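The values are calculated or read from the model by the stated rules, or taken from the named source; none is laboratory data. In this text the structure is predicted, and so the values were computed from the model without any measurement. Positions of Cβ are generated from backbone atoms using ideal geometry, with glycine treated the same way; all protein chains shown enter the neighbour counts. Keep in mind that these areas ignore ligands, DNA and RNA; they rest on the heavy atoms of the full protein, side chains included. Shrake-Rupley method; radii C 1.70, N 1.55, O 1.52, S 1.80 Å.
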Amino acid sequence: MTISEPISEVDVEVTVNGQPQRHRVPARLLLSDYIRDTVGLTGTHLGCEHGYCGACTVIVDGDAVRSCLMLAAQVDGAEVRTVEDLAPAGADSLSPMQQAFHDNHALQCGFCTAGFLMTLESVDPTEWNEPERVVELLSGNLCRCTGYQNIVTAVTEAWSAYDGSGGSDDG
Amino acid sequence: MKPAPFDYCRPATVAEALEALGSSESSRVLAGGQSLIPAMNFRLTDVSVLVDINRVDGLASVDCDLGGVTVGAAATQTRVLEHEGAAGVVGGLRAALRHVGHLQIRNRGTVCGSLAHADPAAELPALAVASGAVIAVSGPDGERRIDAADFFIGPFWTALEDGELITEVHFPAQPPGSVTIVDEISRRAGDFAVAGLVATVQADGGAVRSARLVGFGLGGVPTRLETAEAAIEGWAADHPADTLAEAVMADTADAFDDIHATSWYRREAVAALTVRAARQALADAEAA
């Protein structure tokens with residue numbers, strides 16, 4: 001929907017992890033704060049809030065984005081996915097990538113992990129599974145615990161089992 | 001680290017966008033927001049009216065023909081990067097965009113927004129200057145077209161007047177038989193460059209015929225390396241690298257110092273990138 005006159009509060013209708021949401025929000029509300037404070041999904045973490053660290057990465061209409069660099073107003077009509085969608089409540093297992101992170105000690109404090117997982121979830125593994133491409137892909141997410149090696153190992157392991165059918169990773 | 005309050009609109013047409021831009025002295029255009037929103041989060045930019053152009057009809061287009069590539073103001077960098085036709089006509093687009101930010105930034109960031117932001121260390125303004133791009137602008141007094149060479153005035157400062165909006169940028173087709181190389185020194189993949197180079201080089205028979213060389217991260221605006229452009233004519237792989245490097249040093253005497261690198265380091269870096277680009281172009285020409 002378009003808005004021709006400038007307004008200070010904006011109506012937002014958005015699908016978050018498959019659930020329709022409808023709120024009136026301040027124009028200045030960031031998508032990251034909308035997800036955490038308005039929708040109540042605190043799996044998305046805020047590190048730097050200026051687009052450097054990648055911790056707040058979510059998926060909007062299929063693309064990984066920094067949720068701290070979008071306004072809630074901008075996702076009106078969009079589909080948003082957060083880390084909570086990877087292994088939904090009630091599921092008895094982690095997603096394959098989450099399991100690979102767990103198995104390979106690819107996190108310590110875990111603050112950055114949701115961002116890594118959503119970046120990885122957003123791409124087609126067949127386009128990114130070369131070792132150099134994995135490193136390039138992960139360069140947009142900072143981790144201060146692992147030194148990255150275990151994350152790369154986890155990704156390599158998860159994607160080595162990927163059969164291209166689209167069935168392994170789509171939550 | 002949250003933006004100060006502002007009013008928001010999401011117009012459907014360029015005319016509506018211009019009207020909203022004119023409604024306040026501190027109105028700003030929101031395209032990808034990957035530079036503007038951080039500045040707003042830091043309260044470095046005072047915005048009273050934010051005009052989101054992402055749903056303006058027609059602005060997200062990427063059009064490509066033999067004459068060049070035209071990128072609308074709301075077209076994302078990812079869209080251009082993945083556009084197969086565009087890379088064939090303007091090879092520098094893909095070469096430059098691979099260096100821009102990270103995947104998540106390119107998924108939102110726009111080509112025109114990078115030009116409007118005019119970061120001195122950004123790749124796309126240098127590509128625009130190197131390729132002779134033309135920037136189409138709409139404003140309260142109508143439309144005008146600005147050559148990229150006249151568009152960049154200083155750091156974060158362009159020829160855009162208050163109330164004006166970039167609607168599209170046209171990159172002319174790369175000259176036949178040429179290759180565009182975009183190379184840079186940065187501290188981390190995806191960071192802004194400490195210094196970089198866009199080189200459009202024509203080479204055949206083992207020698208460079210001509211080249212357009214534009215450095216970035218050296219001064220307030222993309223830096224045309226004219227002495228080096230003269231020195232590179234006729235240069236062959238067995239010629240001494242020093243002649244090229246010295247020409248680049250002569251072109252870049254005003255390069256600035258900051259915490260990341262001294263002026264001297266930046267000049268040496270661009271000199272090395274120029275030699276590397278010349279060798280690459282010669283190798284590509286031989287392989288073709």
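Can you name every one of the strands (runs of 3 or more DSSP E) wholly within the range B:1-85 that holds 3 or more residues which are in contact (Cβ under 8 Å) with a residue 40 or more places away in the chain?
The strands (runs of 3 or more DSSP E) meeting that bar are B:7-10, B:49-52, B:68-72.
Can you tell me which residue in the range B:20-75 is nearest to B:Val111 (Cα to Cα), limited to those that are open to solvent by 30 Å² or more (accessible area, probe 1.4 Å) and β-branched (Val, Ile, Thr)?
Top of the filtered list is B:Val29.
If you scan the range B:1-25, which residues turn out to be more than 9 Å from chain A (Cβ to nearest Cβ) and modelled with pLDDT under 95?
Listed by number, the list holds a single entry, B:Glu25.
Inside the range B:189-288, counting only helices (runs of 4 or more DSSP H) that do not spill past its ends, which hold 2 or more residues that are open to solvent by 40 Å² or more (accessible area, probe 1.4 Å) and touching a strand residue (DSSP E or B) at 6+ places or on another chain (Cβ under 8 Å)?
Fully inside the range B:189-288 and qualifying: B:263-287.
Is one or more of the residues making up the range A:30-52 assigned to a strand (DSSP E or B) and touching a residue at least 40 places away in the same chain (Cβ under 8 Å)?
yes
Which ranges mark the helices (runs of 4 or more DSSP H) fully within the range A:76-171 that have 3 or more residues being out of contact with any strand residue (DSSP E or B) (no Cβ under 8 Å at 6 or more places or on another chain) and open to solvent by less than 20 Å² (accessible area, probe 1.4 Å)?
Counting at least 3 such residues, we get A:96-103, A:113-122, A:131-138, A:149-160.
Among the residues of the range A:40-51, is any surrounded by 23 or more Cβ atoms within 10 Å (Cβ to Cβ), under 21 Å from A:Ser122 (Cα atoms) and within 14 Å of chain B (Cβ to nearest Cβ)?
Yes, the range A:40-51 contains at least one residue that is surrounded by 23 or more Cβ atoms within 10 Å (Cβ to Cβ), under 21 Å from A:Ser122 (Cα atoms) and within 14 Å of chain B (Cβ to nearest Cβ).
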